[in-house]
Structure formats: C-alpha cells, structure tokens
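Step one of this worksheet: look at the structure below.
The values are calculated or read from the model by the stated rules, or taken from the named source; none is laboratory data. All values reported here derive from a predicted model rather than from experimental measurement. Cβ placement follows ideal geometry from the backbone for every residue including glycine, while neighbour counts extend to all protein chains displayed.
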Amino acid sequence: MAISLDHTPSFKLVTVEDYEPLVGAEAVERILQKASRLRDLHVAHVNSTYYGGGVAELLSSATLLMNGAGIKTGWRVIQGRPDFFSVTKKMHNALQGADINLTDLKLNIYEEVAFENAARNHLDHDIVIVHDPQPLPLIRYYRKKAPWVWRCHVDLSTPNTKLWDYLRSFIEQYDAVVLSCCRCLSMRRSSARHNASSCRRSTRSRPRIRNCPRRRSRTGLRIMTYPLICRLLCKCPASTNGRTRKA
C-alpha cells in the first residue's frame with residue numbers, strides 16, 4: 001500500500017485539563033495556577049530507567065503533564081552495569097529494613113557509576129529532581145547552581161542504620177527531600193508533627209527553598225521541602241493566612 005507523502009499525523013498530549021471529568025474543574029484550576037509559577041523554569045527529572053517500576057511509570061506521565069502545563073521538563077536516565085543495579089537493589093531493600101553487607105567493592109561500584117553519569121549528563125537546569133537511591137550520589141560531582149531535590153519513593157520507616165549513615169552524606173547535600181506521603185515519615189519522632197502553616201507559598205516571582213516543618217527525623221537529618229513540590233507531589237496540606245488549603 002502506498003503511503004501518502006502529504007500525510008501529517010495529528011497528535012495531542014494528554015493535559016491536566018483532560019482530567020477535569022475525574023477531579024473537577026476546581027482541582028484543575030488549582031493545579032494550573034500553581035504550575036504557572038514554574039513556567040519560567042527548566043526542570044530535570046533523573047532516575048535509573050525509562051521503563052519498569054513505579055518511578056518510570058510516574059515520570060512517563062508526569063513529565064508530559066508538566067510540559068503540557070507549560071513547565072519545561074526533561075527526563076534523564078543514568079546508565080549502569082548489571083553489578084551496579086545489583087548493588088542498588090540491595091540498597092533499596094535495606095532502606096526498607098533488610099540487612100546489607102556494605103563492602104568497599106559495592107560502594108566503589110555505586111559511586112563510580114554516579115561519577116560516569118555525571119560526566120555524560122550536564123544538569124544546569126533551574127531545578128533538578130533526583131529519584132530514589134540509584135542516582136543519589138550525582139550531586140557530589142556538580143557545581144550546584146540551583147535547587148536539587150531528592151524525591152524518595154521508598155518506605156523509610158525503618159532504614160538499615162549502616163546504609164542510612166552512608167547515604168546521609170549525599171542526602172544532606174540536597175536542598176530538599178520530598179517523600180510520597182506523610183505516612184512515610186514515621187521515622188520522625190512522634191512528637192515532630194507536621195506544622196502545615198509553615199509550608200507557605202513564596203512571595204517572590206521565583207520559588208524558594210524553605211525549611212520543612214517536619215523537624216528532625218530519628219536519623220538526625222533535617223527534612224527539607226520545596227513548598228510547591230511538597231504540595232503537588234507529597235500532597236501535604238498548605239496553609240495561607242491560617243487556613244488549610246488543598247494541594
């Protein structure tokens with residue numbers, strides 16, 4: 001069958017507006033209003049694979065929705081050898097409480113792959129969002145000019161102490177840590193309740209990094225949040241003038 005040279009496919013990205021029948025016009029308007037504050041920024045997401053796993057599924061939709069909302073958003077994936085992914089799988093399990101034997105060989109493999117990927121990825125964006133432990137050490141090899149956010153999708157309720165102490169040296173270099181939901185924050189002291197009133201919107205034209213009210217976790221690490229990302233991804237309540245608002 002002959003193919004017409006005049007054939008021009010017509011494609012359309014799925015947008016936030018397409019979800020209006022499911023979430024309502026008010027929710028769509030609220031999301032677009034918040035997204036409008038990021039339209040002058042260039043955002044990069046970094047994870048370990050384009051397919052397979054929940055993070056890849058999330059980013060495949062989220063990056064298109066962000067671009068559809070006018071936020072210039074890219075998606076980078078690190079490359080690694082099979083032994084690297086074997087090590088990071090063990091780390092993933094250990095962050096959820098499993099045992100791990102952290103040998104020098106494992107740590108060298110982990111950090112060497114991060115070093116190689118830092119050389120091939122030039123992350124000079126306005127915001128860099130790194131997902132999960134696989135690309136976590138990337139931040140060590142950049143001269144950071146903008147906020148870097150670690151987006152953790154792993155349950156950190158009972159992390160392996162030895163592994164956490166090791167990863168903490170990387171995590172503390174980030175400007176913010178974003179977790180999936182408040183339930184994932186059970187590692188914090190029970191008295192350290194989320195004070196929604198301090199997750200305020202910035203009054204500047206460009207968003208800023210603020211201290212998160214989640215205080216210090218049991219590990220001693222102060223959890224930070226990027227307020228708008230905290231509300232959009234973590235679905236935490238945000239307060240303005242003493243009133244709690246939906247994310």
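Summary of values
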quantity	calculated
Subset of the stretch 108-151 that is closer than 20 Å to Val87 by Cα and charged (D, E, K, R) - its residue that is surrounded by the most Cβ atoms within 10 Å (Cβ to Cβ)	Arg151
Residue within the stretch 25-47 that is under 26 Å from Thr161 (Cβ atoms) and surrounded by fewer than 17 Cβ atoms within 10 Å (Cβ to Cβ) present	no
Residue within the stretch 20-43 that is closer than 28 Å to Lys89 by Cβ and modelled with pLDDT of 95 or more present	yes
Index of the failed condition, Ala69 passing every other in (1) more than 21 Å from Ala176 (Cα to Cα); (2) at pLDDT 95 or above; (3) in contact with a helix residue (DSSP H, G or I) (Cβ under 6 Å, 6 or more places away or on another chain)	(2)
Condition broken by Val128, with the remaining ones in (1) touching a residue at least 40 places away in the same chain (Cβ under 8 Å); (2) assigned to a helix (DSSP H, G or I) satisfied	(2)
Identity of the residue in the stretch 83-111, without any contact (Cβ under 8 Å) to a residue 24 or more places away in the chain and more than 17 Å from Trp164 (Cα to Cα), that ends up nearest to the chain's Cα centre (by Cα)	Ser86
For Gly80: the one exception among (1) in a loop (DSSP other than H, G, I, E, B); (2) free of Cβ contacts under 8 Å to residues at least 40 places away in the same chain	(2)
Residue in the stretch 33-54 that is without any contact (Cβ under 8 Å) to a residue 40 or more places away in the chain, out of contact with any Pro (no Cβ under 8 Å at 6 or more places or on another chain) and under 21 Å from Leu156 (Cα atoms) present	yes
Some residue of the stretch 149-158 being part of a loop (DSSP other than H, G, I, E, B), at positive phi and touching a residue at least 60 places away in the same chain (Cβ under 8 Å)	no
Lone qualifier among Glu172, Glu116 - being within 20 Å of the chain's Cα centre (by Cα), acidic (Asp, Glu) and at negative phi	Glu172
Of all residues making up the stretch 30-54, the number that are of a type in the set (Gly, Ala, Ser) and more than 30 Å from Phe84 (Cβ to Cβ)	2
